[in-house]
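In what follows, a single structure is set out as structure tokens and then discussed.
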4 protein chains.
Amino acid sequence: MTGETGRIEAFSDGVFAIAITLLVLELKVPRELDHGPTLAAALAAQWPAYLAFTTSFLTILIMWINHHRIFTLIGRSDDRLLFYNGLLLLGVTLVPFPTSLVAEHLRYEGQQLAAIVYNATFIFIAICFNLLWRTAAVNDRLLHPQADRAAVERVFDAFRYGPLWYVVAFGLVFVSVMTSLALNLALAIFYALPHERIRRSQSRKT
Amino acid sequence: MTGETGRIEAFSDGVFAIAITLLVLELKVPRELDHGPTLAAALAAQWPAYLAFTTSFLTILIMWINHHRIFTLIGRSDDRLLFYNGLLLLGVTLVPFPTSLVAEHLRYEGQQLAAIVYNATFIFIAICFNLLWRTAAVNDRLLHPQADRAAVERVFDAFRYGPLWYVVAFGLVFVSVMTSLALNLALAIFYALPHERIRRSQSRKT
Amino acid sequence: MTGETGRIEAFSDGVFAIAITLLVLELKVPRELDHGPTLAAALAAQWPAYLAFTTSFLTILIMWINHHRIFTLIGRSDDRLLFYNGLLLLGVTLVPFPTSLVAEHLRYEGQQLAAIVYNATFIFIAICFNLLWRTAAVNDRLLHPQADRAAVERVFDAFRYGPLWYVVAFGLVFVSVMTSLALNLALAIFYALPHERIRRSQSRKT
Amino acid sequence: MTGETGRIEAFSDGVFAIAITLLVLELKVPRELDHGPTLAAALAAQWPAYLAFTTSFLTILIMWINHHRIFTLIGRSDDRLLFYNGLLLLGVTLVPFPTSLVAEHLRYEGQQLAAIVYNATFIFIAICFNLLWRTAAVNDRLLHPQADRAAVERVFDAFRYGPLWYVVAFGLVFVSVMTSLALNLALAIFYALPHERIRRSQSRKT
């Protein structure tokens, strides 16, 4: 039983680790002959790539932390769980694509479309997370018999309101692409920063 | 003993996770200067790449789920098992190549050959799965002493008839490339979707 | 509890393993048509890439060994630990970028800037290691109750003086880029080589 | 203790899995516009790449199997073991580079140099394997107290004579590049094929 979710976690960890590491391939090294006056100028011109890298890295990191938290509460697996976990991983492996799309097209004609694809990916992932969690937790279908009830409630809360921010970021694309991406970065930093409240409850648990 | 198949599973998980994550590298970001009128048109023109990505992702995911199921029943390993597992992983790591081949050549002169290579890869993988399973399960050579007999029978059944669909898809290449690829996608979705029958028997087991 | 740091270690191992393996992508194979007189000349001209590969490989390897040592002493995790571990992994996945930057621009106009970025990355990683360790070890916040006190003290010592060398290497960039990079390589080799003192105390532990 | 070699194995598994999966990136998909008359001709012209892929895949697979066998006998680790294991992994991550070098330059001016680099990589790996094994096994330094003595002797035997074949392959480069590469492929297939003798002794162990 532990063995079964154990291998799901190992496989998922592998996919998260690879997706988060592949992001660095987006940071293109200016070739010695390609750029104009100086390397400094060539590197500075790539700022959208650095921003996209940082946002995506933090976002995948948070997704991994969430995945990790959820699976400490899940005790069994079935085909439906495998399916939604697979869809979620599909979303995670996709992240380098919209990241690169935004980095390449920011400040050009296609920036709005790039931001739409970027935000849509994260909404897709948020939906997968909800389906995965509801498959496991509604009626305690697949939860650990000893799963901490307070922790279960906190996940339900987080998944109820969290995705709304991504919908707001999606909507903002049509007002201002930059504001939408800034909200994404702000969300990534906010969720990545350690929160006293959560830490306290965590240490209470252990 | 568990340790031995444990490390085979860990290594295989790594290979599956990387192969499934590398698929995203097939999704090329249209460069700002490369494309014609709009980014939207450039992205839309890539639909074969999205289709190939989705099909291959789901197919590798199903292969991982099958690998996972088989190894819950296998209790020991020997050189022959390591060899067939290695051949199977060779097939799995190959998947991004025929996927990319189809995405690049669909609608052009080479599309039939690309589809032949694509289908041949999956038939090769199906054969490896059969050899791996038969090495472990015929005469209970390497099965867990407590392996669930009904689950063993279900794997025998699945491996007897499942590969036939890939042979049909292979044959269809010579009639219609599109139909063959559509069958591949349909098979991937069909097998990926959770099936009540299987889930019920799974939860009975746990 | 072990389970919790267990999955952090597994995810981190994945990231370290991928980052260290992606370094090889920096070694570009001279194409048959690209190079002038001979393949030998084309390969020889790439020596900065080999040097950068070796230095980065050894450096990531040492970082993994350090990470591994630290986590044998850490018994619990909380959000702050996850956050600093995440920042550390961000630094680790970045390594292929400055490595490639140095390999591409050594002996050209941008070599000083490339060396600055390279050294800054390692200082950033050293800071993350310190924050991670202090989060765990100050007041024994998250250490194993049975953690070897002498080993804990050795880590405190190593983290107090070790980063100074990276600051020296950073400063040297403004004097001589080559000397700075040579110091980096020397540090990597020095730390990678097995040290009798450490080995003795290790075997004492086991 | 198990924990310590456990994490070395996990990290090494990750590196092996990634190195073996990255090999597929050597198989370049002929672009729709690049090739001449037909896709079939373009694919056929790539036969050195397929040969190099197969040889390298089987070789890394065998190296993983050897690594796996060795570590079932090793019970403790120290800095020297970590160092030689690190050097071994450096060799393993390098494999895609000489593989690609041979695939690109076979049948051209640089094929002999490419084959030298290819063979030198495998000799380097064989030396690392020997140093790793001797560090662990001479005087039973780091072996499991219950390690199967017959298995230990078999590893000593295999490591005494096995590397000679790679030296022969290296020497053959100066006679005939093709013969040398053919010997590499033959060795890879020979060692990958399951051997009755070994299998019998394995199952005796379990």
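The values are calculated or read from the model by the stated rules, or taken from the named source; none is laboratory data. Since the structure is predicted, the reported quantities are computational estimates derived from the model, not experimental observations. All Cβ positions, glycine included, derive from the backbone under ideal geometry; neighbour counts span all protein chains shown. All accessible areas refer to the heavy atoms of the entire protein, side chains included, with ligands and DNA or RNA removed. Shrake-Rupley method; radii C 1.70, N 1.55, O 1.52, S 1.80 Å.
Here are the numbers for this structure:
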item	result
Pairs of lysine residues in the protein assembly as shown - Cα separation under 15 Å, sequence separation of 8 or more or cross-chain	4
Residue mean of other protein chain beta carbons inside 10 Å, C:73-83	5
Space enclosed by the convex hull of the alpha-carbon atoms of segment C:51-206, per residue, Å³	102
Relative frequency of Cα-Cα separations exceeding 50 Å in the protein assembly as shown, percent	13
Using alpha-carbon coordinates, inclination of helix B:177-192 to the longest axis of chain B, degrees	40
Cα centroid separation - segment C:122-185 against segment A:57-83, whole Å	32
Inter-probe distance in nm under a simple model that places probes 7 Å from Cα toward Cβ, at C:A41 and B:A40	5.3
Residue-by-residue Karplus 3J(HN,Hα) for segment A:51-63, coefficients 6.51, -1.76, 1.60, Hz, glycine and proline x	4, 5, 4, 4, 4, 5, 4, 4, 5, 5, 4, 5, 4
Solvent exposure, largest accessible area first (probe 1.4 Å, DNA, RNA and ligands not counted), of A:L94, C:L25	C:L25, A:L94
Exercise: per-residue mean of other protein chain Cβ atoms within 10 Å, B:23-30	6
Pairwise FRET efficiency - C:M178 versus C:I127, Cβ, R0 = 25 Å, nearest 0.05	0.45
Table column - 3J(HN,Hα) (Hz), segment D:127-143, Karplus curve with 6.51, -1.76, 1.60, x for Gly and Pro	5, 4, 4, 5, 5, 4, 5, 5, 4, 7, 9, 5, 6, 6, 3, 10, 6
Restricting segment B:141-179 to trypsin sites (Lys or Arg not before Pro) in coil, as DSSP defines it, with at most 10 other Cβ within 10 Å	none
Position D:R141, label points 7 Å along Cα→Cβ, spacing to each other copy in nm (shortest first, one decimal)	3.8, 3.8, 5.4
Amide H contacts under 5 Å for A:L143, placed H, 5+ residues apart	A:G75
Rg/Rh ratio calculated on Cα atoms of segment A:1-116 (Kirkwood radius)	1.12
Relative contact order %, segment D:1-102, counting alpha carbon pairs below 8 Å whose residues are six or more apart	51
Extreme residue, positive dipole direction of chain B, given options B:L90, B:A136, B:L22 (C-beta unit charges)	B:A136
Loop sites in segment A:31-114: GluC sites (Glu not before Pro), DSSP, at most 14 other Cβ within 10 Å	A:E109
Acute angle (nearest 10 degrees) that the helix B:149-172 long axis makes with the longest principal axis of chain B, alpha-carbon atoms	30
For B:A40, label point 7 Å along C-beta direction: distances to other copies, nm	4.2, 4.2, 5.9
Estimated vicinal HN-Hα couplings, Hz - segment D:5-12 in sequence order (Karplus 6.51, -1.76, 1.60; Gly, Pro = x)	5, x, 6, 4, 4, 4, 5, 5
Normalised contact order of chain C, rounded percent, pairs of Cα under 8 Å and 6 or more residues apart	25
